[in-house]
Structure formats: C-alpha cells, structure tokens
Amino acid sequence: MPELVVHSPVHIGSGEKLTPYDFVFGEGKLTVVNVSSFLSESRERAEDFYTHASRRGFSLKDFLTGEEVSAHRRYALRCFKEPKDVSSAIKTAHGGAYIPGSSIKGALRTALACYFLSRGDDEVWEIIKNGKDNTDIRGIRRARGRRDEKMAGEVVEKALFRCGYKRKEGDRFTSYGDAKYDILKLIAVRDTPPVPPEDCLEVSMIKVYSFNGARVKAKGFETFVESIQPGSTFEVEMLVDTKFIARAEEMKSETRWIGLQDKLESLFGISGGEGEQVIERKVLTVIEEACRFFADKVIERELSILPEELYVHSTCGTVLTEDLKNRGKNYCSKCKEGNLNGSNVIKLGEKAKEFYESIRGKTMLRLGFSTAWYSSTVGVMLDDELLNLLRRKFGLGKRYSSIFPKTRRFAFNGEGVYPAGWVELRGVGR
Ligand SMILES: [Zn+2]
C-alpha cells in the first residue's frame, strides 16, 4: 500500500484550541489533561478548581498535583517552549491522530491542476481565458483583483476537472457546476489509520514571514500547533474507480458526464478499451508525475525567493539584526537579547534551502498549510504556483501583487526549522 512519509511538521487543525485550562507545560513537554474526568472525581477538588480558575494568573500546573496530572492525562507531547494556547490537530472520536483523506485529496487536486494547466493545450487555455459559449464557464479575462481569485479558481476547476450535464436532452445549455460530475470523484483517498498522539504528534511554533526582495520580516505573534512529526509514516489508501472508467462510454449519456472520454484521454491518457489494471496504473502514474512536477515548481520558486543571509532567533523566530557594538553578534529586538550566536541563531535561509534540496525529485505533496487563499466552494487551492501560471498567461492579479507581499510559514520544533506541511507519497504509480 502507498505510504505518506512526513518530511516537515504537518498541522491539520480540528478547529479547536487547547488553553492553559487544558494542559500543563514542563520539562519540554505539554501534558494535555482530561479536566472533566478530574472534576468528576472529587467534589472537594472540583469546588477548589472553580474558586481558583477564575483568578488571574491561574495555571493548571500550579493547581494540580503531579499525581493528579498523571491520573488524568490524555497524552503528552514534546514541546520546546511554553505556549499560550495550542491549536489541536484533527483526531478521531477515540483520540487517534490521522491525516484526513480530504486533505490529501485537496493537495492532490492542487498538484494535478498545476500539472494539467502547464501542459494544457490551447483549447483549455482558450476556455479558461474567454469561457465557453452555452455553458456556465465564464472566462477569467476580466478578473483582476484578489477577490476574483475565487472566480478564477472555479473557472480552472470547471475547465480542467468537470464533465458537463444538461437538464434535459436537446438542451443547448451545458452546466459544469455540479461536483457530482467531477473527474476526480473517480479517485478516492481514505483517511489514514489513526495513531496515538504520543506516537506522531509534537507541538511546533509557527512563524509567518513576509518576503519583500531581500527584506524579510516576521509578522505578528507566533502560534503553536499540534503537528505531525517529521519522520512519521502513514499508510494511505487510494482507490481508482477503474470499473467506472472502463465503462466510460456507457456511463456518459446525452445529459450526464458530457465529455468524460475526452477528459480521461487528455488528462490521464486513457483512450478507452484498456483493462482495469492498466487504467489504475495510468491514473496513479499521472498522480505521481503531477506531485513531482508541482513540488519541483514550488521548490524552484522558494529557492529563488529565499535570501542566503537570513538569521532568526531560535526561540522566538524574530529576524535578527546585527549588533552594531559586537560585529558578527546578533540582536533580537523582541527578546531584547544581544550577543546571540551559536545555538541561539538559526540560519533560516540556509536551513530552508537544505530542506528543499533534500526533497527535490521526490513525489511530494503539501498538506495543511496553504500559503494562499482557499476557495471554499470548489476544491482547487489557488496556490501561488497556480496564480503564477494564470498571471503569466493573463496578467491576473498583477495590479495587486505589490500590495500583497509574499508570506511564508515556517515551523520550529526545537530541533530545527522547516517549511511546513511537506509529505512524500511513496509507492504510487508502480
Ligand atoms: Zn527573540
């Protein structure tokens, strides 16, 4: 079975936050406590808790005894710095950490969209640019602003992935607006099997940087997240609906799945008449190629914007300024610490480059952290790479690109710093 190998911290959020009422921090560990089980155990201690909890500076760590912490602990994660709060990773009802199939699929979709667009023929580009008569595909010719990115995402989605349908036979109008007739519906990705949090999660600190040429600035506060540790592996099941594809000729009708066979041919090289095994191999091979292609493009771009000389404070992530009094020593304007060197200084530019070199040529996907805006109605993320393609072709968003400096998220886990969210897909396409 194919595997996902995690290369840099991956955070897929549950939407919930752990607060100091949920955890105890100490000795490089964050212990998440089951407070409701603690409260239901002793009435006296519960009353105690309610009296103290509303006071300023309350901390679960000072309140609970070590025994209470171990009696009611849910799990404990490696954590290099005390967080204010922590965004939880998605977990099953039984508390197991996993990677949702939908996240993997979303990342695949982005990679496939970039791949297909790059080798797209003139006809596809023409549709994306000017739309298609008698359909609900509008062209993105007029899209210029940030808000129009959503529209652009829909157009790309429809032009690349959607088959058409008509309300009734003989209708002139064909709609591409129904996700039921999406070609990627024919590929299913299952949730990975759950793993106990302690076996795969850690707490990492996320810092956002804005890149403006050689000028790099840390933005806002750091945030803490439960993230999957580099080195973790997950089995991932990908199912290609080969039965449906093999019967594509029969499945499509006057009103449903219009253009199915053409799409299968142009996207996956399936021309009809292939056996199911051949179909599966063709689809998975394209997926693998798309991931390589996408990662390659992103890596190329990232390497070009990363300045060589970019030093940050290892504990807070602030970009360091060179201390004038001590040449070669660094000063953290946030921590008001000077004379930083050695283990306190992370060469972010160099580290990130090393990381990208280490994943170059591999079949990579980027999960969880989108660097760009996400379209909620359709699946395609208008990733920077995708936007770049559209910009190069049509000048989309050109006017606004200077207002939105490029931002990048990096994850610190006490051992290193990583561009977040990179996983390798192994064992696909063979
Ligand atoms: Zn600092």
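Overview of results
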| quantity | calculated |
| --- | --- |
| Linear extension gain, residue 247 paired with residue 336, 0.36 nm per residue minus alpha-carbon span | 25.3 nm |
| For residue 93, net neighbour charge (Lys/Arg +1, Asp/Glu -1) across residues whose Cβ lies under 15 Å away | 0 |
| With 20 Å bins from 0: P(r) over the chain, alpha-carbon pairs, percent | 23, 48, 25, 4, 0 |
| Computed E for residue 41/residue 354 - FRET, C-beta separation, R0 45 angstrom, nearest 0.05 | 0.35 |
| Farthest positive-ward along the chain dipole, Cα basis, beta-carbon charges - from 175, 79, 212 | 212 |
| Listed peptides 72-82, 172-182 by packing density, highest first (mean Cβ within 10 Å) | 72-82, 172-182 |
| Computed [θ] at 222 nm, helices only, for the chain once each DSSP H run of length n ≥ 4 contributes -39500 (n - 2.57) | -10000 deg cm²/dmol |
| Exceeding the 24 Å Cα-Cα cut-off - candidates 91/351; 91/219; 243/263 | 91/351; 91/219 |
| Residue-count net charge about residue 187 - beta-carbon cut-off 9 Å; Lys, Arg +1, Asp, Glu -1 | +1 |
| As computed over region 1-146, the Cα convex hull volume per residue (Å³) | 240 Å³ |
| Rounded to the nearest 20 debye, dipole of the chain from Cβ charges on Lys, Arg, Asp, Glu | 1780 debye |
| Net charge dipole size for region 14-89 [Lys, Arg +1 and Asp, Glu -1 on Cβ; Debye, nearest 20] | 300 debye |
| Cross-link reach list, lysines versus residue 61, counting only Cα pairs under 17 Å and skipping chain neighbours closer than eight places | 29, 81, 84 |
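Where a number appears in this text, it was derived from the coordinates with a stated rule and is not lab data. Quantities reported herein were computed from a predicted structural model and do not represent experimental measurements. A quick note on method: Cβ atoms are made from the backbone with ideal geometry, for glycine too, and the neighbour counts reach across all protein chains shown.
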